[in-house]
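Visitor: So that we are looking at the same thing, I have put the structure below in structure tokens.
The values are calculated or read from the model by the stated rules, or taken from the named source; none is laboratory data. Predicted, not measured: the structure shown is a model, and the values here were computed from it. These accessible areas exclude ligands, DNA and RNA; they are computed on the full protein's heavy atoms, side chains included. Shrake-Rupley method; radii C 1.70, N 1.55, O 1.52, S 1.80 Å.
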Amino acid sequence: MTHDNRLHRDWYAILDASPSDCVQELKQKYQKLALLYHPDKQSPDTAAGEVEQCVRRFIEVDQAWKILGNEETKREYDLQQRARELKQNWPVDAHVCLDDMTWDDGEQVYMYGCRCGGKYVVGKEEAEEEEDLVICCDTCSLSIEIKRPV
């Protein structure tokens, strides 16, 4: 699983937890699910398909704990989730192709003029990494979605 895919999974749902749960609560939920789905805890007469599902679920639970049980990776995950929520709910005033933006060689940023007189500014790395990036004007509350050329 790629790093990007790990950030798009709902690890809290996998642990039957919420972002407001403290680390101790997350750990308790992880331990309960890990015991429930651990391959060694399955009955010998359990069907092979069911055992396979338990193994997959155990791996998911373990991955969730590896992300949410570590303060640094949990913080990164929470920030990424919040950014995704904002992006999905942010009103977009226009769609602009990256090719239509002006490149500022000195600042190493792409710029686009806003109707208020302000600017939309995005760094080269961010513009090239993010798909359908939404950015705000530096002066008003308008936003645009930047489409990368195909």
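Visitor: Please work out which option in (1) 17.7; (2) 8.5; (3) 12.3 gives mean projected area of the Cα convex hull in nm² calculated from these coordinates, and answer with its label.
Guide: Structure-derived value, by its label: (3).
Visitor: Under 30 Å from the Cα of residue 32, which lysines turn up, not counting those fewer than eight places away in the same chain?
Guide: Correct list for residue 32: 41, 66, 74.
Visitor: Would you work out what percent of the accessible area of the chain, with all protein chains in place, is carbon or sulfur (probe 1.4 Å)?
Guide: Ligands and nucleic acids excluded, carbon and sulfur give 47 percent.
Visitor: Per 10 Å bin, what is the whole-percent P(r) computed from every C-alpha pair distance within the stretch 32-120?
Guide: 13, 22, 20, 17, 13, 11, 3, 0
Visitor: Now a separate question. When the chain is fully extended, how far beyond the present Cα-Cα distance does residue 72 get from residue 50, taking 0.36 nm per residue of separation?
Guide: Stretched out fully, the residue 72 to residue 50 stretch lengthens by 4.5 nm.
Visitor: Hey, what's the chain come to in accessible area per residue, 1.4 Å probe, Å²?
Guide: With the other protein chains kept in place, the chain gives 67 Å² per residue.
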